[in-house]
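S.K.: Take a look at this one; I'll ask things after.
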Amino acid sequence: MMTLQETLSLKVKEAISNLYQATLETVEFQATRKEFEGDITIVVFPMLRVVKGNPVQIGEAIGNYLVENVEEVIRFNVVKGFLNVVLSDAHFLDFFGNVPDWDTFGTKPQGDQAMMVEYASPNTNKPLHLGHVRNVLLGYSVANITKAAGKKVYKTQIINDRGIHICKSMLAWERYGDGETPESTGLKGDKLVGNYYVKFDQEYKKEIAALEADGKTTDEAKAEAPLIIAAQQMLLKWEAGDKEVVALWQKMNGWVYEGFDATYKTIGVDFDKNYYESNTYLLGKEFIAEGLESGVFIKKEDGSVWCDLTEEGLDEKIVLRSDGTAVYMTQDIGTAIQRVKDYPDVNGMIYTVGNEQEYHFQVLFLILKKLGFAWADNLFHLSYGMVDLPSGKMKSREGTVVDADDLIADMADTARKISEELGKIDDFSEEEKTELYHTIGLGALKYYILKVDPKKRILFNPEESVDFQGNTGPFIQYTYARIQSIVRKANGVTLSADQMQGYDLQPKEKDVLKTLQQFPGVIELAAANYSPAVVANYTYDLVKEFNSFYQNVPIFAAENETEINFRVALCAAVGDVIKTAFGLLGIDVPERM
């Protein structure tokens, strides 16, 4: 069965063919602007490529054709090159009465094609911070939205658990830790290890200053400082499989993993599979050899191997050093291929990584295509901007990052203060209050980050995010709780099919139905653009329409039982869609606030 938009598209093309003997490939729709009458707008301007004439006259002709040939179209108006179509009440009532289950409205069952979504990808030398929070929220939400749009989804992360930065924490703990453990200090393991990453930097700077005082240049001092030399030697021992170094690495990484898991649980995200750089950094070499044979790569005189991407507007990219060791690109090539081996139904991947890595992913995707992997056509870099704070940029090694756990605790505390000022939860138990504060605080954080287009930088303002008014998570959560209160008060009121027949829709009711009807398209658009912001801002628009309806149309004081039943059912549908939309964003909604 065709949707109304599909029917309108077909009829508009038919009108162009019949009236102008021309062929129109696509029809562009948009929401009708508030200042004009209409339920859906057809954009006439693109049609001028195939039909010559005045756009207003063309719009009038198409509008008359639709009124005559589409039952749901009852009238229209044309503003410049925009044809605003008015739909019948019967169309909206038919839509409302034929949604089989509002709990799953807008979502599709999983198909056979699968996407893998990578997010988080932390280093094991420090705890998760605000930047990681944006990453995991984006990745997790995009995974949910992709699944809702009808694809199977595997959620994964690659944990950066090797390298010089890891050895810095290990060396600092070994020298200055005096045997400290998470148990002995009461610290989460990731925080304990992160403290020693900061400690290394502090002691390293002291050594640099001392060497500079002895006449060394800054570059010489950085290279000759005993601490950095010791860290480099530790890395070589790890790569050689030294038992003591590997044992220390396993112990400290184990602390960090426990800390990460606790933070992920608090944030409310999870993964289907973890990949570890210590297992993947040697992957990819075999494909470099195959690429050399097929001409994808070239070997230079020094023995290094490169991929020439100049014809694609990029440059040459090294994929193997002259000594035969891999670079990050080699590893990423091998890891991508390994993932498809692990999950053969994967037909594409989404990498949630900051925008500073855009060039890297351009190169990676091109190389994988050149190697002949069909799924390489479905690779996407979910590039996002940094999260800034009023105090400025965060720096891990200087200990100036905003710790994710502390941030979430602060958000819950802010929610507590505001909720107590409002004074509407006095009858809650202490346990219920604590859970509510966490739900509101985390919802505020998630919504504030996800409502912004991923490509944009964010200036994060905690106080602003927990406001109970405006485009915020708590405002939407409060509206949901209000709806649940209405549903509880109705105590099982149901709307019969007979009551739907000929129901006289009020304009505010129609506005809510019109917005509800958009939800399946919103999910499709968000999935196509890998943008949770599309879902977030739709939810706010739905809530605004609902609150306008709630403030202007009586529910339990309606004139008759049919109106009461219809309006309660409409409230319940809005609540279900809010819950579904927020679920896609990874945000919980409280039943009471």
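S.K.: Can you give the charge dipole size of the chain about its Cα centre, rounded to the nearest 20 debye, using +1 on the beta carbon of Lys and Arg and -1 on the beta carbon of Asp and Glu? Could the numbers behind the result be given before it?
M.R.: Numbers: 61 positive and 88 negative charges, 118 e Å.
The calculation lands at about 560 debye.
S.K.: Over the range 404-463, how many percent of alpha carbon pairs lie in each 10 Å bin up to the one with the longest distance?
M.R.: 22, 47, 23, 7, 0
S.K.: Kindly write out, for the range 134-143 in residue order, the coupling ³J(HN,Hα) from the Karplus curve 6.51 cos²θ - 1.76 cosθ + 1.60 (θ = phi - 60°), rounded to whole Hz, with x marking Gly and Pro.
M.R.: Karplus values, whole Hz, x for Gly and Pro: 4, 4, 5, 5, 5, x, 5, 5, 4, 4.
S.K.: What's the extension gain from Lys424 to Asn279 if we count 0.36 nm per residue and subtract their Cα-Cα distance?
M.R.: Full extension of this stretch gives 46.9 nm more.
S.K.: Please calculate how many Å² of accessible area the range 413-565 carries per residue, with a 1.4 Å probe and no DNA, RNA or ligand atoms counted. Don't skip to the end; give the middle numbers.
M.R.: Values: 7340 Å² over 153 residues.
Per residue, the range 413-565 has 48 Å² of solvent-accessible surface.
S.K.: Taking Cα pairs under 8 Å and at least six residues apart, what relative contact order does the chain come out at, in percent? Please list the in-between numbers first.
M.R.: Values: 906 pairs, mean separation 84.9, N = 593.
In percent, rounded to a whole number, it is 14.
S.K.: Over 31 Å between Cα atoms: which of Lys147/Lys446; Lys417/Lys508; Lys206/Lys273 fall into that group? All intermediate terms of the calculation are to be shown ahead of the outcome.
M.R.: Working: Lys147/Lys446 19 Å; Lys417/Lys508 35 Å; Lys206/Lys273 41 Å.
Check vs 31 Å cut-off fails for Lys417/Lys508; Lys206/Lys273.
S.K.: With viscosity set to 0.692 mPa s at 37 °C, what whole-number translational diffusion coefficient in µm²/s follows for the range 200-292 from Stokes-Einstein and a Kirkwood radius over Cα pairs? Before the final figure, lay out each step's value.
M.R.: On the way: Rh = 17.0 Å.
It comes out at roughly 193 µm²/s.
S.K.: Turning to a different aspect of this structure: Name the aspartates and glutamates eligible as straight-distance cross-link partners of Lys424: C-alpha to C-alpha under 16 Å, and not fewer than 8 places from it in the same chain.
M.R.: Glu432, Glu435, Asp467, Glu591
S.K.: Here is a further query. If Lys and Arg each add +1 and Asp and Glu each add -1, what is the summed charge of the other residues whose beta carbon sits under 12 Å from the beta carbon of Thr434? It would help to have the intermediate numbers written out before the result.
M.R.: Details: positive: Arg416, Lys433; negative: Asp413, Glu430, Glu431, Glu432, Glu435.
Charge balance in the 12 Å sphere: -3.
S.K.: If you put +1 on each Lys and Arg Cβ and -1 on each Asp and Glu Cβ, how big is the dipole of the range 297-437 around its Cα centre, in Debye rounded to 20? Please list the in-between numbers first.
M.R.: Details: 15 positive and 29 negative charges, 179 e Å.
About 860 debye.
S.K.: Enter the Cα centre distance for the pair the range 236-258 and the range 1-78, rounded to the nearest angstrom.
M.R.: About 66 Å separates the Cα centre of the range 236-258 from the one of the range 1-78.
S.K.: Something else about it: In vacuo Debye scattering of the range 1-159, one point per C-alpha: log10 I(q)/I(0) at q = 0.09, 0.14 Å⁻¹?
M.R.: Per q value, in the given order, log10 I(q)/I(0) is -0.50, -0.83.
S.K.: Measure off, as a whole percent, the carbon and sulfur share of the 1.4 Å-probe accessible area of the chain, all protein chains present. Intermediate values should be presented prior to the final figure.
M.R.: Working: 13360 of 27800 Å².
Here it works out to 48 percent.
S.K.: OK, next. Could you tell me what % of all Cα pairs in the range 74-153 have separations over 17 Å? Working shown, then result.
M.R.: Working: 2185 of 3160 pairs.
Across the range 74-153, Cα pairs with separations above 17 Å total 69 percent.
S.K.: Please report the antiparallel percentage of the DSSP beta bridges confined to the chain, to the nearest 5. Write out the running numbers ahead of the final one.
M.R.: On the way: 21 of 43 bridges.
Here the antiparallel bridges make up roughly 50 percent for the chain.
S.K.: Related question: Using only C-alpha positions, report the orientation-averaged shadow area of the convex hull of the range 137-226, nm², one decimal. Write down the numbers at each step before the final one.
M.R.: Details: hull surface 36.6 nm².
Mean shadow area of the hull around the Cα atoms is 9.1 nm².
S.K.: Rounded if a/c is under 1.5, else prolate if a/b is larger than b/c, else oblate: which is the range 175-248, with a ≥ b ≥ c the root eigenvalues of its Cα gyration tensor?
M.R.: Working: a/c = 3.29, a/b = 1.51, b/c = 2.18.
Cα axes put the range 175-248 in the oblate bin.
S.K.: A further question follows. Sorted by average packing, counted as other Cβ atoms within 10 angstrom per residue and highest first, what order do 50-56, 535-541, 264-270, 171-177 take? Display every interim value, and only then the final one.
M.R.: Values: 50-56: 13.4, 535-541: 21.7, 264-270: 16.0, 171-177: 19.7.
Most protected by this proxy first, the peptides run 535-541, 171-177, 264-270, 50-56.
S.K.: For the range 65-216, calculate the relative contact order in percent as a whole number, restricting contacts to Cα pairs under 8 Å that are 6 or more residues apart. Intermediate results must be reported in sequence, preceding the final value.
M.R.: Details: 161 pairs, mean separation 30.6, N = 152.
This gives 20 percent for the range 65-216.
S.K.: 222 nm [θ] for the chain, helices only, -39500 (n - 2.57) per DSSP H run of 4+, per residue, to 500?
M.R.: Details: 23 runs with 323 residues, N = 593.
About -17500 deg cm²/dmol.
S.K.: Place the peptides 60-69, 299-308 in order of packing, highest mean first, counting for every residue the other Cβ atoms within 10 Å and averaging per peptide.
M.R.: Going from most to least packed, we get 60-69, 299-308.
S.K.: A follow-up question, please. So which GluC sites (Glu not before Pro) in the range 524-584 are both in a DSSP loop and have at most 12 other Cβ atoms within 10 Å of their Cβ? Don't skip to the end; give the middle numbers.
M.R.: Values: sites: Glu524, Glu545, Glu559, Glu561, Glu563; in loops: Glu559.
Here the GluC sites (Glu not before Pro) that fit, given the DSSP loop and packing criteria, are Glu559.
S.K.: Let me ask you something else. Can you sort Ile158, Ile74 by 1.4 Å-probe accessible area, starting with the largest? Let's see the in-between values first.
M.R.: Numbers: Ile158 15, Ile74 80 Å².
The ranking, largest first, comes out as Ile74, Ile158.
S.K.: Provide the packing ranking of 311-318, 413-420, i.e. peptides ordered by the mean count of other C-beta atoms within 10 Å per residue, highest first.
M.R.: Descending mean neighbour count gives 413-420, 311-318.
S.K.: Over the C-alpha atoms of the range 280-364, what are the Rg and the largest Cα-to-Cα span, Dmax, in Å?
M.R.: Using the Cα atoms of the range 280-364, the pair Rg, Dmax is 13.4, 40 Å.
S.K.: Could you report the range 2-135's accessible area per residue, 1.4 Å probe, as an integer in Å²?
M.R.: Numbers: 6540 Å² over 134 residues.
On a per-residue basis, 49 Å².
S.K.: Please report the Cα spread of the range 1-86 along all three principal axes, rounded to whole Å, starting with the longest.
M.R.: The Cα atoms of the range 1-86 stretch 32, 31, 20 Å along the principal axes, largest first.
S.K.: Let me ask you something else. Over all directions, the average projected area of the alpha-carbon convex hull for the chain comes to how many nm²? Let's see the in-between values first.
M.R.: On the way: hull surface 139.5 nm².
Mean projected area for the chain: 34.9 nm², to one decimal.
S.K.: Using alpha-carbon pairs under 8 Å, 6+ residues apart, how would you state the relative contact order of the range 1-47 in percent?
M.R.: Values: 35 pairs, mean separation 11.8, N = 47.
In percent, rounded to a whole number, it is 25.
The values are calculated or read from the model by the stated rules, or taken from the named source; none is laboratory data. Everything numeric in this text was worked out from a predicted model, so none of it was measured. Note: ideal-geometry Cβ built from the backbone for every residue, glycine included; neighbour counts use all protein chains shown. For the accessible areas, the whole protein counts, side chains as well, though only heavy atoms, and no ligand, DNA or RNA atoms are used. Shrake-Rupley method; radii C 1.70, N 1.55, O 1.52, S 1.80 Å.
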